[in-house]
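The values are calculated or read from the model by the stated rules, or taken from the named source; none is laboratory data. Bear in mind that the values here come from a model prediction, so they are computed numbers and not experimental data. Here the Cβ positions follow ideal geometry from the backbone for every residue, glycine too, while neighbour counts run over all protein chains shown. With ligands, DNA and RNA removed, areas are computed over all heavy atoms of the protein, side chains included. Shrake-Rupley method; radii C 1.70, N 1.55, O 1.52, S 1.80 Å.
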Amino acid sequence: MNFISLKIFLLICVSFLFFALSGKAQEAWSLERCVEYALENNISVKQNELNADLAKENYNQSIANMAPSLNAGASHAYNWGQRIDPFTNTFATNRVRSNNLFISSQVTLFSGLQLQNTLKQNSLNYLAGKYDVDKMKNDIALNVATAYLNILFAQELLGVAKTQKSITETQVERTQKLVDAGTLALGSLLDLQAQLASDELNIVNTENQLAIANLGLVQLMNLENTGGFSIIKPDLEIPANPVLAQNPEQIYQFAVMNQPSIKSAETKVLSAQKAISVAKGSAYPSITLSGSVGSGYSGLSKKVIGFEPGTPSIIGYTPDTVPVYSVSSSVIPITERTPFGEQMKNNVNENLGFNLNVPIFNGWQSRNSISRAKIAKQNAEYTLELNEQNLRKTIEQAHIDAQSALKQYYATKKSAEALSQAFDYADKRFNVGVLNSTDYNTAKNRLNNAQSDLLRNKFDFIFKSKVLDFYMGKPIGF
């Protein structure tokens, strides 16, 4: 392969890669994919997951707190001045080197069950943290679904606006010919041109609404590269006789048993109850078992390695004037510093003991801790009750909104069908010159408003029904 052929080949590969990436960028996003991407990239979700991880670490630490502690230590020191050496029990006046090595352990035998209750409390806190993450994910999924439906609604409105503009353009062209032929007054043309300008403005406003809806979804997803972003347009037609399968009470009874917001609040009540037990435990005596093993080295420690003859000293005389010599002073001991290893072996000391601590008065700390824990539990119970009330209100409101939207949809659908027929009749009358342009535009605008209301009620019903499905445990999707 020569250089020119290689260059052509590389250009073809680059072009193919460009079109492949372009095609990927233009790939439409489904609602499920939007929700998944939003959950993976939402900072608040990541922060809540970190909070759950912290709660898990606290739980792991409470497990470890029940195990005995084990510590080792060592010291290397020099002393100047008079003191009693702890290893030789003699006075030291010069510089003395000393070393100390030890291992100690302690275990709590009883502390009012504080360790056990703290373990259970941290376990419940970790579980509540995971429920909080699930709740946030559900909230984000609902927000993404709302933004997704807003885009679909804006797209439908834009289609209606473009259709209305197309109808007006046809009438402007026809009226222009009639005016040029002198068979129709110029005022009719001006009215239609004004209506065309209004239709064009409506398209611009709807395009802005669509752009804002797209931006809202993109921001919820934290999508950085928004080039070519588009969504899949599902079939969202309302069936002929839609029925809300469950009543509000049935939906609530299912949701209150399964919604993570309720589970989190319930778990926090149990955690607050354990906090009371922990606080009560501080008023009980505590018993600990401790033990240690250690040894040391002293520069004063010496051992005798031999003797050398000494000079006898006269301590008296016999009656015959014979001198008496001291026997003890006849030899002088030879010493050397006791080696480090030998001292460490000889100076081993062991300790084992039980410690009892009885709280008598500590500034009402235990009493106040119990009172604060009880208040926190009552507050957690109120939070649970409030969440249950809000859940019931949300479900009841969504149910009645869905019913209302469905009724409005049917009513608006009949109105739109009637106005469509009225507009067709007005269009025919206008074409034969029986109807003036003002009445024609009025009929057209009434139809346009009815079609917009029909779309609004349609998407309102779809969203509310999806909310009810969500509380019944169904995944969000179309």
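Given a 1.4 angstrom probe, what's the average accessible area per residue across region 113-223, in square angstrom? Don't jump to the answer; show the numbers that get you there.
Values: 5280 Å² over 111 residues.
On a per-residue basis, 48 Å².
Between VAL172 and LEU236, how high is the FRET efficiency from 1/(1 + (r/R0)^6) when r is the Cβ-Cβ distance and R₀ = 25 Å? Nearest 0.05. Could you put the intermediate results ahead of the total?
Working: r = 33 Å, r/R0 = 1.33.
With R0 = 25 Å, the Cβ-Cβ based efficiency is 0.15.
Run the simple label-point estimate for GLN253 and ALA418 please: 7 Å along Cα→C-beta, distance reported in nm. So the label points at GLN253 and ALA418 sit 4.1 nm apart.
The region of the chain that goes longest without hitting one of the GluC sites (Glu not before Pro) in a DSSP loop, each with at most 15 other Cβ atoms within 10 Å, is 238-478. Applying 1/(1 + (r/R0)^6) with r as the Cβ-Cβ distance of ASN89 and PHE354 and R0 = 30 angstrom yields a FRET efficiency of 0.60.
What a 1.4 Å probe finds exposed on region 141-282 is 54% carbon and sulfur by accessible area, rounded to a whole percent. The alpha carbons of region 154-260 stretch over 76, 42, 19 Å along the principal axes, in descending order. With a ≥ b ≥ c taken as the square roots of the eigenvalues of the C-alpha gyration tensor of region 202-303, please select rounded if a/c is under 1.5 and otherwise prolate if a/b is larger than b/c or oblate if it is not? Oblate, because a/c is 1.5 or more while a/b does not exceed b/c. The residues of region 347-457 present an accessible area of 66 Å² per residue when probed at 1.4 Å with all protein chains retained.
Ordering 461-474, 367-380 by mean Cβ neighbour count within 10 Å, with the highest value first, yields 461-474, 367-380. Taking only the Cα atoms of region 407-478, the radius of gyration and Dmax are 17.7, 59 Å. Computed from label points 7 Å out along Cα-Cβ, the spacing between SER30 and GLN106 is 6.0 nm. To the nearest ten degrees, helix 365-431 and the longest principal axis of the Cα atoms of the chain are 20 degrees apart. Global dimensions of the chain from alpha-carbon coordinates: Rg and Dmax equal 45.3, 178 Å. Each residue, GLN116 and ASN225, gets one label point 7 Å from its Cα in the Cβ direction; the gap between the two is 5.8 nm.
Chymotrypsin sites (Phe, Trp or Tyr not before Pro), restricted to region 58-116: which are DSSP loop and have at most 16 other Cβ atoms within 10 Å? Intermediate values should be presented prior to the final figure.
Details: sites: TYR59, TYR78, TRP80, PHE87, PHE91, PHE102, PHE110; in loops: TRP80, PHE87.
Hits after loop and neighbour filter: TRP80.
Roughly how many whole Å is it from the C-alpha centroid of region 144-212 to that of region 443-478? Cα centroid to Cα centroid, the span is 23 Å. A viscosity of 1.567 mPa s and a temperature of 4 °C, combined with the Kirkwood radius over Cα pairs in Stokes-Einstein, give a translational diffusion coefficient for region 246-318 of 59 µm²/s.
With N as its number of residues, region 366-460 has a Cα radius of gyration that, divided by 2.2 N^0.38 Å, comes to 2.21. All alpha carbon pair distances within region 102-222 were sorted into 10 Å bins beginning at 0; the resulting P(r) in whole percents reads 12, 19, 15, 13, 11, 9, 7, 6, 4, 3, 2, 0.
Quick one: putting +1 on the C-beta of Lys and Arg, -1 on the C-beta of Asp and Glu, what dipole do you get for the chain around its Cα centre, in Debye to the nearest 20?
On the way: 43 positive and 41 negative charges, 219 e Å.
Approximately 1060 debye in magnitude.
When the Cα positions of LEU142, LEU158, LEU192 are compared along the charge dipole of region 47-201, LEU142 comes out farthest toward the positive end, with charges on each C-beta of Lys, Arg, Asp and Glu.
Quick one: with all protein chains in place, what share of the accessible area of region 32-107 is carbon or sulfur, to the nearest percent (1.4 Å probe)?
Numbers: 2670 of 5200 Å².
C and S fraction of accessible area: 51 percent.
Projecting the Cα atoms of LEU356, GLN219, GLY81 onto the charge dipole of the chain (Cβ charges, centred on the Cα centre) puts GLY81 farthest toward the positive pole. Whole-Hz Karplus values for region 344-350 come out as 4, 6, 7, 9, 4, 10, 10 Hz, taken residue by residue from phi with 6.51 cos²θ - 1.76 cosθ + 1.60 and θ = phi - 60°; glycine and proline positions read x.
Rounded to whole Å and sorted largest first, what semi-axes of the equivalent ellipsoid does the C-alpha gyration tensor of region 84-135 yield via the square root of 5 times each eigenvalue?
Listed largest to smallest, the semi-axes of region 84-135 are 54, 16, 7 Å.
Here the translational diffusion coefficient of region 43-160 follows from Stokes-Einstein with Rh set to the Kirkwood radius across Cα pairs; for 4 °C and 1.567 mPa s it amounts to 63 µm²/s.
Using 1/(1 + (r/R0)^6) with R0 = 35 angstrom and r between the beta carbons of GLN378 and SER198, what's the FRET efficiency to the nearest 0.05? Rounded to the nearest 0.05, the efficiency is 0.05. Note on the chain: dipole from Cβ charges, positive end direction compared against LEU201, ALA128, ALA64; the farthest Cα belongs to ALA64.
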